[in-house]
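Here's the structure, in structure tokens; my notes come after.
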Amino acid sequence: MKLDFSGLPGFEQAAGWMNDVLKGDAGSYSLILDWAYKMAANADLPGLDSADELAREYLAKSGTLAERTDKLIKDYQFKTGLMGAATGVGGMMTLPINLVSSTLLQMRMAAAIALMGGWRLEDEKVKKALILCALGSKVMNKLTATVLEKAMQKAAVKLTGKVLGKSLPLMGAVLSGAIDATATKTIGKAAKQWFITDVPEVLTIDMG
């Protein structure tokens, strides 16, 4: 697995947005997630498979759809845990890089789960649902701008809790890996609920 995504288009800008989020600008979180979504869906990035390629890989495995989804989530827990440990060595200096990298992997995992469930990433409703999923939100029938804004604010506050554990060099590396793995599991379960098990047949959206 490639641990360094710094060469991806827009990565440095995304790290800057993450730094803003850590300073209290919850609104910048939407920019990060939008960037991560575009990166996850893009099949032409060197060193990074698209969500479609990832979905195809896990759909080809044995077991039920739920079992294959669980396998994907478990594998990404491991991957984000490794990445979190690797980038957590630098403490606060590498924190924005760590958070953006883990966000990218988590979005890629969630997008792949959506594809495995038969959803289309081109659908704006699916994109908004993926963003809410990446924020850990539960399944709902109607997506609104207010719902997204509140979820962003809540997720930004949670990030401050990660800062403490990730800010200490060496010790922070261990905690960083554990935090990222736990977050990935939570997001993976949310994605499974959103796109595999409990998502309503009619997903309405009102972003006016």
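Brief remarks follow.
- For the stretch 1-65, the mean projected area of the C-alpha convex hull, equal to one quarter of the hull surface, is 5.7 nm².
- Subset of Lys23/Lys192; Lys79/Lys158; Lys61/Lys154; Lys23/Lys71; Lys74/Lys128; Lys38/Lys79 violating a 28 Å alpha-carbon distance limit: Lys23/Lys192; Lys61/Lys154; Lys23/Lys71
- Neighbour net charge for Gln106 - beta-carbon separation under 11 angstrom, K R +1, D E -1: +2
- The P(r) of the stretch 94-152 has a tail past 20 Å containing 29 percent of all C-alpha pairs.
- Lys/Arg +1, Asp/Glu -1 at C-beta; the stretch 10-82 dipole; positive extreme among Gln13, Leu65, Leu45: Leu65
- Computed on protein heavy atoms with a 1.4 Å probe, the accessible areas place Trp194, Trp35, Trp119 in the order Trp119, Trp35, Trp194, largest first.
The values are calculated or read from the model by the stated rules, or taken from the named source; none is laboratory data. All values derive from a computational prediction rather than experimental measurement. Virtual Cβ from ideal backbone geometry, glycine too; neighbours counted across all protein chains shown. Surface accessibility is based on the protein's heavy atoms, side chains included, excluding ligands, DNA and RNA. Shrake-Rupley method; radii C 1.70, N 1.55, O 1.52, S 1.80 Å.
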